[in-house]
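Values in this text are rule-based calculations from the coordinates and carry no lab data. Everything numeric here is computed off the predicted structure, so don't read it as measured data. Methodologically, a virtual Cβ is constructed for each residue, glycine included, from the backbone with ideal geometry; neighbour enumeration extends over all protein chains shown.
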Amino acid sequence: MSAQERFAQGFVGLGGVALVMIALVCAATGAVSPVADSSDYFASALTWLPQPAVNLVVAVTGAVTAATAIAAARGARATGLLRGASVLGLLALLGSGALAAAGYLPFLLVSAAAGHPELLRTYASAALPVQLLVAALITVSLWSWIERVARGEQVRASSAGVWWTWVAVAVPLTYAASRVLMAIGVPGVPMERSSAAGGLGLAAAAVGGAVLTWGLIRPWGERFPRWAARWAGRPVPVALAVVPALVASVVVLAGSRLLVSVVILDHPAIPDHPLVWLPIALWPLWSVALVLAALHYRLRRAPAEVVGVR
């Protein structure tokens, strides 16, 4: 068993145990669960459930996640089934805070440097580390699934994977274009001046993500380009391309839970304009496309270039 395999299985196992312990502590002390606290922006995933039910969901999800690691270490046939159940449970615990934490952090750091450090107080949350743990567990589970699929003798990269990659490029570009138009004051889509900087920051991040996703089907995504100094011409480690795509997929899905529901429910805070709601409605598609684009990239790379996880 490789070091990567041991790390992945150990991380998943310990992460599952940590979730069980969180649920037990909350149940024993009566503390509010860090995934169901209406007063904490990062703890909004299960606020619609009573606390005892939340603790049960967290404990069961943690137990199944830990069992997945044990089954993978033993090479059990039930590993795939357990992994699927674990990911579904973890997705239920994942709130929209992970996206906000990643998307707004650069803007908040710049604001803090400009003399407004109070904006960073939002990150002083006990729920944020739990959300980051859940996101990391989902990412590692997806990585394990991709490695398992890639090892199948009958599985090969196809043109469908290229199509999904282009979808994963187009959606963030659409989102970025809409936010730029809103920031410059397109008629009918007002954006406050204080929000324009944040919107442009998110647009820039979306464009950067689209460019990196494009690299999954470009030669410079397989070998470092000439301007990469001493790395020029060397193969790009598969994990260096696949893992960020999976992280982005999980973060996007986290954000889409809240944003898409707000759009569907016709929330008054969301203007009834396609420029606002259409890019958001495409986020679940973006998340799925990123996973399939990462799978396509992995299938195109030679097995000898990657040390995978089971």
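List of remarks:
- Here residue 158 and residue 39 are evaluated by their C-beta separation; at R0 = 35 Å the FRET efficiency comes out at 0.15.
- Amide H contacts under 5 Å for residue 47: none, restricted to partners 5 or more places along the chain or on a different chain, H placed in the peptide plane at 1.01 Å from N.
- Charge tally for residue 245 (other residues, Cβ to Cβ under 15 Å; Lys, Arg +1; Asp, Glu -1): +2.
- What the Cβ-Cβ distance of residue 76 and residue 7 gives, at R0 = 30 Å and to the nearest 0.05, is a FRET efficiency of 0.95.
- In Hz, Karplus ³J(HN,Hα) per residue of the range 21-28 (6.51, -1.76, 1.60; θ = phi - 60°; x = Gly, Pro): 5, 4, 5, 5, 5, 5, 5, 6
- Amide H partners (placed H, <5 Å) of residue 223, local residues excluded: 236
- Karplus 3J(HN,Hα) series, Hz, for the range 39-52 with 6.51 cos²θ - 1.76 cosθ + 1.60 (x for Gly, Pro): 8, 10, 4, 7, 10, 9, 4, 10, 5, 7, 9, x, 4, x
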